[in-house]
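Colleague: Pasting a structure below so you can have a look.
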Amino acid sequence: MPSTIRQIPLESATKHHSHDFHQIVITLCGSSEFEIEGLGGRVNAFSGCIVPANHEHFYSGNGYNRQLILDLPEDAPALTGEHRELVALFDAPRFFALDNPLRHYLAFVESELAQGFDTSAMSFQQDRLAATLLGSLKARLGASESASQRRLNLDQIDRFIRHHLADELRVADLAKLACLSEAHFSERFRVQTGLSPWQYVRRQRLHAARQLVLQSRLPLTDIAIQTGFANQSALSHAFRRSYGLSPRQLRQGVSATNTPLDSATHLAPSSTSGATSLASSAPSSRASVKTGALSFR
């Protein structure tokens, strides 16, 4: 199937879905909010995000906005054949900012889309445009390093995450702790833990949220904010995917049975093994996420 490039505004009402194709969303003007599997941030003009296939994501537009969206099936020419290495871009969600050369390329893409080619020519041209953009993004986001590097200090990383659950938290911040670039840190982190940084932070947020649900009477909206989820709906969705029940059902079940469910054998998040758990400390301020780096909220 060919790639599709389209321009649309996003509504202000928050929506969510997942799809079986990869996607790149670039904000051309205005701003938008994206949360992918419980992690995300604000996407300002000339910034974007990478949404891997089958990843649940929440999104909304802020005021007047316009988005360039690339829909990329796994068998699209832009991701197969001589371009097959570009699929590595979709190993995990990412946020990025466009430099000046890529901003100029976007203007060229827009002018090409406005040419009004016939259907068959347009499909071919869109894949060529998509492949060039993907290749440029891959070059800028960095290549993988060898796995035979020194081990990361996970205790230090855990402490940092624990104290910044609801604050601005970016991959760049974690990479700085290890004195590495974002790309090198992400690769080394995956090799050591079996998780990408965003999966690891999501696991920690879920654990902290579960502890607050079990051990406090805080409203679920407050728990969502304190543990870095965009809203109560995002928190509930993440709970259902990982624990098989909502935060309210978990809390009601504890109240009904008066039996603690806080042991490691109950309701562990469904994630790859190898990541350490996090104590249930969470600050009270809401996350504010900047673009220009891989970001978590």
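The values are calculated or read from the model by the stated rules, or taken from the named source; none is laboratory data. Quantities reported herein were computed from a predicted structural model and do not represent experimental measurements. Positions of Cβ are generated from backbone atoms using ideal geometry, with glycine treated the same way; all protein chains shown enter the neighbour counts. The area values use the complete protein model at the heavy-atom level, side chains included, leaving out ligands, DNA and RNA. Shrake-Rupley method; radii C 1.70, N 1.55, O 1.52, S 1.80 Å.
Colleague: Using a 1.4 angstrom probe on the protein heavy atoms only, line up Asp155, Asp222 by accessible area, largest first.
Modeller: Descending accessible area places them as Asp155, Asp222.
Colleague: So, one more: Before I look further, what does the range 44-134 give for accessible area per residue, probe 1.4 Å, in whole square angstrom?
Modeller: 44 Å²
Colleague: Assuming 0.36 nm per residue, please report the length gained on full extension of the stretch Gln252 to Gln115 beyond their Cα-Cα distance.
Modeller: Difference between extended and current length: 43.5 nm.
Colleague: Decide, for the range 123-244, between rounded, prolate and oblate: order the square roots of the alpha carbon gyration tensor eigenvalues as a ≥ b ≥ c, take rounded if a/c falls under 1.5, and otherwise choose prolate if a/b is larger than b/c, else oblate.
Modeller: Oblate shape, in that a/c is at least 1.5 and b/c is the bigger or equal ratio.
Colleague: Same structure again: Please list, by residue number, every one of the chymotrypsin sites (Phe, Trp or Tyr not before Pro) in the range 80-136 that is coil in DSSP and has at most 16 other beta-carbon atoms within 10 Å.
Modeller: Phe117
Colleague: Tell me the per residue accessible area of the range 157-254 using a 1.4 Å probe; a whole number in Å² is fine.
Modeller: Per-residue value: 36 Å².
Colleague: Still on this structure: Could you check how much of the accessible area of the range 72-202 is carbon and sulfur, as a whole percent, using a 1.4 Å probe?
Modeller: Carbon with sulfur: 49 percent of the solvent-accessible area.
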